[in-house]
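The values are calculated or read from the model by the stated rules, or taken from the named source; none is laboratory data. Bear in mind that the values here come from a model prediction, so they are computed numbers and not experimental data. Because the Cβ atoms are built from the backbone with ideal geometry, glycine has one as well, and the counts that use them run over all protein chains shown. SASA here: full protein model, heavy atoms, side chains in, ligands and nucleic acids out. Shrake-Rupley method; radii C 1.70, N 1.55, O 1.52, S 1.80 Å.
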Amino acid sequence: LSGYDGTSTSYDEYQSALAKEFMVKGPDLAPVDIVSGLAQIDIRETLPHKLTFQVQVTAPALLQINTVYFPGWTLVVNQQVQNINSLITEGVLRLKLDPGKYIVDLVYRQTPPMRLGNTISLLTAGLILLFMIKPKLYAQT
């Protein structure tokens, strides 16, 4: 990948319209940043579809999760689903936390329209294969 320059996608071809230039991931961008306040973050898991971290907040804090928002992301704080739409700032999530200990999960799940589109695509591919194989079966008999 000679053209890869450490951005969020190899050529930013699928970059969200909400994304700002500063959000394009470089090799040194942390999954979560402390924008203000006092907190200690312990990243537990980073996968393309999931981010889990523990945070100990000692003074009210504002955290920025450096993942571009796209429908399908679900934010769970201490096993309670959060209203993600009220947390989006410039295309990323900003989370205000009071002092305490938190487990934060950001999980990507397919939306119903995505599932419908995938189902239609699979059915169409199956029908195409069936119509390609069917003439060959009649030719053999």
> Stretch residue 94-residue 43 to full length: gain in nm at 0.36 nm per residue minus the Cα-Cα span?
Replying inline: 16.7 nm
> Can you work out ³J(HN,Hα) from phi for every residue in region 61-71, in order, using Karplus 6.51 cos²θ - 1.76 cosθ + 1.60 and θ = phi - 60°, giving whole Hz and x for Gly and Pro?
Replying inline: 10, 10, 9, 10, 8, 7, 10, 5, 5, 8, x
> If packing is taken as the mean number of other Cβ atoms within 10 Å per residue, what is the order of 72-82, 118-128, 56-66, highest first?
Replying inline: 56-66, 72-82, 118-128
> On the accessible surface of region 33-141, probed at 1.4 Å, how many percent belong to carbon and sulfur atoms?
Replying inline: 60
